[in-house]
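Remarks on the structure that follows.
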Amino acid sequence: MNKEDIFLKAVEFRRHLHAHPELSTQEFQTQAYIADVLREYSIPFRMYGTGIIATVGEGEQCVALRADMDALGVTEETGLPYASENEGVMHACGHDMHMAMLLGAALVLKGMEKQLKGTVKLVFQPSEEKRPGGARLLLPHLMEPPVPRAIFGQHVYPGLPVGTIGIRSGAFFASSDNIVFAVEGKGTHAAMPQMGSDPILAAVALIQYYQTIITKFRDPLIPAVLSITSIHGGTANNVIPDRVEVRGTVRTHDNGLRHRIFNLIREKSPAICDLYGCRFLPDMPDNGLPPLVNDPELVQLVKDAALRSSCVEETMEPAPLTLGEDFAIYLQQLPGAFWILGVAPKGEGQTAPLHNPQMSPDEMAIPAGIEMLVGSCLNYMSFIFRG
C-alpha cells in the first residue's frame, strides 16, 4: 500500500472508531474492530482484558508503540456526519485518532516487515481515562519476551497546528493524583451548634491548610497545583450535617514533591479535624500517575524523525504541561519518549480543547502522526539495534 492508501484507510479507521466510542474498561467493540483490522492484514496479536498487543517483525530486539482506546462521558456537539452514535459518550480526547494512527503505522511496518531489525509491539491500551489505568493492566504483558527496550507514544493537541509536534526532555506531563476524603462530626440543629461538631467548618480548615502546602512547603521553582473541585455535605439550611465529602486533584512535575504533599495531608489532617471535634476519613488509594519523564536520547531520535518526516513542518519545545497521562506508567519500567501532535486546522488557531464536546481534530494530522510513530521506531532500531 502506498502512503495515500494508508492515509485513506486510517481516516476510515478513525471515523468508525469516532462513531462508536466506549468508556474505560468497556472497550469491547473497539477491541473487536481493531482485532478485525489486524486479522485482515495478517498482524498477530493477543488480547488482555479489553486491550490488545500486536507484533510486527521478529527477534529479541524489541521496541513498542502505544495508543489508548477509551472515550469520555461527554455528549458530542461537533455535528460531524460520523459523530458518536453512543449517547453521552464521545472521543473528546482524541483517542480515536491515536488508534487510527497506530493502525496506520502497523500497515506501514507490516509492508516493510522483512527489513525490520527486530520486533515492534503495537500496544492498544484501554482505560487511560480511569484509574488505576490500563497501562498498569498491560505493562506486565508488555514486559513478556521479547522485552521492549524503549516505548514511544503521542497525544493529539488542539493548541498546535497541523504539521507541528511538541516534545521536551525530562518532565513533560504532570503527575495526577486524586484527593478523596470525608470529615465526620456530630450533626445538630444549626441554632444549637454547641450540641454537635461541625464537619463543614473542619473541611474548610483542611482546604485552607492544603493551599498552604503549595504556597509554604514547596520550592517556588517547582510547578504544582492542588485544586479542590467537589464538596458535598448537608441538605437543609437549619441542620449541621454529620458528614462532608471532599474531592480534588494534585499535579506536579516532581515525584519527591508529589509524595511530600500527600505525606503532609495524611500527617496533619487528623489533628486539624480533631480541633473541631471531627474525624478525618481518607480514601486515597495509591493509584495515581507519576510525572511523565522523557528520556533525552530518545527525544533526540524523535526530533530526528520529525526532521525526516514529509508531514512535520515544525518541532517545538513546549512548557511542561499540567495534564496527566498514564503513558508515564510505562516510563517507570522502560525508557521512552512521548510527544504532542498538532491537530488544529492551519490558519484557524486553537480549536475546541481536549475533553470539550466540540473537540474535532483535523484529520490532515493523521499522516504526520503515522510518520512520527514509524520514524521514531525505525530510528531507534537503526541506532540501537546495529549489527
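Within the span defined as the range 62-72, one or more residues are under 17 Å from the mean Cα position of the chain (by Cα), within 21 Å of Arg39 (Cβ to Cβ) and either in a loop (DSSP other than H, G, I, E, B) or of a type in the set (S, T, N, Q) (or both).
With the condition kept exactly as written, say whether any residue in the range 293-307 is basic (Lys, Arg) and under 23 Å from the mean Cα position of the chain (by Cα). Scanning the range 293-307 turns up at least one residue that is basic (Lys, Arg) and under 23 Å from the mean Cα position of the chain (by Cα). Residues Ile34, Ile52: which one is within 23 Å of the chain's Cα centre (by Cα), part of a strand (DSSP E or B) and either surrounded by fewer than 24 Cβ atoms within 10 Å (Cβ to Cβ) or not basic (Lys, Arg) (or both)? Matching residue, one of Ile34, Ile52: Ile52.
Could you please let me know if Ala337 is more than 17 Å from the chain's Cα centre (by Cα), modelled with pLDDT of 95 or more, crowded, with 24+ Cβ neighbours inside 10 Å and not aromatic (Phe, Trp, Tyr)? Step through it out loud before you land on a result.
Working: more than 17 Å from the chain's Cα centre (by Cα): no; modelled with pLDDT of 95 or more: yes; crowded, with 24+ Cβ neighbours inside 10 Å: yes; not aromatic (Phe, Trp, Tyr): yes.
For Ala337, the condition - more than 17 Å from the chain's Cα centre (by Cα), modelled with pLDDT of 95 or more, crowded, with 24+ Cβ neighbours inside 10 Å and not aromatic (Phe, Trp, Tyr) - is not met.
Screening Gly59 with (1) within 23 Å of Glu144 (Cβ to Cβ); (2) outside any loop (DSSP other than H, G, I, E, B) gives one miss only, at (2).
Taking the range 308-327 as the range and being under 15 Å from the mean Cα position of the chain (by Cα) and either surrounded by 19 or more Cβ atoms within 10 Å (Cβ to Cβ) or on the phi > 0 side of the Ramachandran plot (or both) as the test, the residues that pass are Leu321, Gly324, Glu325, Asp326, Phe327.
Among the candidates Tyr330, Tyr380, which residue alone is crowded, with 22+ Cβ neighbours inside 10 Å, more than 21 Å from the chain's Cα centre (by Cα) and among the aromatic types (Phe, Trp, Tyr)?
Going through Tyr330, Tyr380 in turn, the sole match is Tyr380.
Among the residues of the range 194-242, those identified as assigned to a helix (DSSP H, G or I) and under 17 Å from Leu281 (Cα atoms) are Pro199, Ile200, Leu201, Ala202, Ala203, Val204, Ala205, Leu206, Ile207, Tyr209, Tyr210. I'd like to check something: does the range 271-283 contain any residue that is exposed (fewer than 14 other Cβ atoms within 10 Å of the Cβ), touching a Pro at 6+ places or on another chain (Cβ under 9 Å) and not assigned by TED's automatic domain parsing to the domain that holds Ala105? Within the range 271-283, not a single residue is exposed (fewer than 14 other Cβ atoms within 10 Å of the Cβ), touching a Pro at 6+ places or on another chain (Cβ under 9 Å) and not assigned by TED's automatic domain parsing to the domain that holds Ala105.
Is one or more of the residues making up the range 96-112 in the same structural domain as Glu363 (by TED's automatic domain parsing) and assigned to a loop (DSSP other than H, G, I, E, B)? Explain how you work it out, then say what you get.
Kept after step one, since they are in the same structural domain as Glu363 (by TED's automatic domain parsing), are these residues of the range 96-112: 96-112.
Still in the list and also assigned to a loop (DSSP other than H, G, I, E, B): 112.
Looking for residues that are in the same structural domain as Glu363 (by TED's automatic domain parsing) and assigned to a loop (DSSP other than H, G, I, E, B), one finds at least one in the range 96-112, hence yes.
The values are calculated or read from the model by the stated rules, or taken from the named source; none is laboratory data. Nothing here was measured: the structure is a model prediction, and the numbers come from that model. Positions of Cβ are generated from backbone atoms using ideal geometry, with glycine treated the same way; all protein chains shown enter the neighbour counts.
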